[in-house]
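The values are calculated or read from the model by the stated rules, or taken from the named source; none is laboratory data. What you see is a predicted model; the values in this text were computed from it and never measured. Note: ideal-geometry Cβ built from the backbone for every residue, glycine included; neighbour counts use all protein chains shown.
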Amino acid sequence: MWPINAVEVTTKLDHVEPSAIKDTVLQYVGASFFTIRMGALQKDLQTLPWVRKVNIERVWPDTLKIAIIEQTAVLKWQDTGFINDKGELFDPKQQHTLNLPKLSGDEARYQEVLSVFKRLNAQLSEQDLSIVELDLSPRSAWSARLGNGMWLNLGQDDIEARLARFIKVMPALNLENPNKTYVDLRYTNGWVLGREG
């Protein structure tokens, strides 16, 4: 009695596959309007790639309305994961083509990597530059690639002070093609500028 005859997804989806939603819901619609296990269905839907939150509502007499809030990726993490707009790691376990800055390092230190990324980008914004890759090595050394193609080796300590020194002289360098340029900032009173290849 009282079968569920309709399921509506009430939100626009950019990443979650409709077929994955359908396959998950089909496991539950054999139950009636009153006996469907809403909590279990919600939990299963929240395990789907790109799903951050799910709300399900019964609508009399035979409908389920499902609202899905997707993850909002703002940064790549390593080669497969992302950091969302809440600063949380998630891995959709799917191939992706999103063009986002990439952070990498020890996963246990991802919040530190994220914090450093924000602080260094704030400094670089003075020169209308931004980081497209930031890496924390196993030896706790930082390196970054900028949007103009330049690589920065920042070392382990005082990385913000080192970057600030370089930013002061950067306009005077008048680099016509910074792509493939690397800068080693690990020195106390200077830096080394070179070209790859």
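Things to note:
- One residue from Leu120, Leu124, Leu152, Leu100 being of a type in the set (A, V, I, L, M, F, W, C), over 30 Å from Glu17 (Cα atoms) and either part of a loop (DSSP other than H, G, I, E, B) or free of Cβ contacts under 8 Å to residues at least 40 places away in the same chain (or both): Leu152
- Residue ID - surrounded by the fewest Cβ atoms within 10 Å (Cβ to Cβ), chosen from residues in the stretch 125-145 that are under 17 Å from Trp191 (Cα atoms) and not hydroxyl-bearing (Ser, Thr, Tyr): Ala141
- Test: Ile21 is within 27 Å of the chain's Cα centre (by Cα) and in a strand (DSSP E or B): no
- Just one of the numbered conditions (1) touching a helix residue (DSSP H, G or I) at 6+ places or on another chain (Cβ under 8 Å); (2) more than 30 Å from Ala31 (Cα to Cα) is not true of Ser137: (1).
- Checking Arg58, Arg145 one by one, the residue that is outside the structural domain of Asn179 (by TED's automatic domain parsing), over 19 Å from Leu13 (Cβ atoms) and either touching a Cys at 6+ places or on another chain (Cβ under 6 Å) or in a strand (DSSP E or B) (or both) is Arg58 and no other.
- The set of residues in the stretch 87-132 being over 16 Å from Ala73 (Cβ atoms) and touching a strand residue (DSSP E or B) at 6+ places or on another chain (Cβ under 8 Å) consists of Gly105, Asp106, Glu107, Arg109, Glu112, Val116, Leu120, Asn121, Leu124, Leu129, Ser130, Ile131.
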